[in-house]
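Chemist: Please read through the structure below; I'll follow up with questions.
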């Protein structure tokens, strides 16, 4: 007879498992490494796309699940008390990035909250890689990685932008912690190795550290 008992799915493997090696690399600087790179693993990434007719219902539904109202304009980001980020990545389209909710639970909760609408809820958690870059020279590395202007006057944190990152399409999310700008780069998993090689080669001139 077939075994119909519940199966435990394996945990998600790091997109950079064969690339990421903690340590300090590149040029030596009196102040220490000027760039810090890390991969954000275990994140829940869910995209919600609503038709214009469902826009009024989508906002309250997303707030009910995440604790924060979704931003109305493309490029805007709002952050809930638990750190969940809601990025507006297009008209009536949002990307929710959470650490505290499992993908299945988040997806189910959003679908329930949206109820009888045509809004689409898609779990992207297993298909994306997210790399964080910070440090005094993080902006300099990002200038080499993307053609858009990341100056705080143009892209004040928190914010997001769809653009090319090392010649691959992706999303840049900008945050600020302790007056330091931090960049999170979202790409398809298949481009993770390419992105990591680009970032490490570019950051080597400043000295960089890799953290878990």
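Chemist: For the chain, set up a Gaussian network in which alpha carbons nearer than 10 Å are linked by springs, and say which option among 117, 36, 74 fluctuates the most.
Modeler: Of 117, 36, 74, the most mobile in the Gaussian network model is 117.
Chemist: Could you give the angle, 0 to 90 degrees to the nearest 10, between helix 55-66's Cα long axis and the longest principal axis of the Cα atoms of the chain?
Modeler: Result, in degrees: 70.
Chemist: Which one, 170, 193, 23, has the greatest fluctuation when you compute a Gaussian network model over the chain with C-alpha springs under 10 angstrom?
Modeler: So, out of 170, 193, 23, the one fluctuating most is 23.
Chemist: Here's something else I'd like to know. Using Cβ counts within 10 Å as a stand-in for footprinting exposure, how do 118, 107 rank, fewest first?
Modeler: Ordered from fewest to most neighbouring Cβ atoms within 10 Å, 118, 107 come out as 118, 107.
Chemist: Within a 10 angstrom radius of the beta carbon, how do 14, 126 rank from fewest other beta carbons to most?
Modeler: 126, 14
Chemist: Turning to a different aspect of this structure: Given q = 0.12, 0.15, 0.25 Å⁻¹, what are the Debye log10 I(q)/I(0) values for the range 44-125, with equal point scatterers placed on the Cα positions and solvent ignored?
Modeler: Cα-only, vacuum Debye calculation for the range 44-125: -0.26, -0.42, -1.28.
Chemist: Okay, next question. For a quick check, take a GNM of the chain with Cα springs below 10 Å and name the residue from 76, 197, 92 with the largest mean-square fluctuation.
Modeler: Maximum among the listed residues: 197.
Chemist: Can you sort 184, 30 by how many other beta carbons sit within 10 Å, fewest first?
Modeler: The order, fewest Cβ neighbours first, is 30, 184.
Only the coordinates and a few stated rules stand behind these numbers; no lab work does. Keep in mind it's a predicted model, so treat the numbers as computed, not measured. Cβ atoms come from the backbone with ideal geometry, glycine included; neighbour counts cover every protein chain shown.
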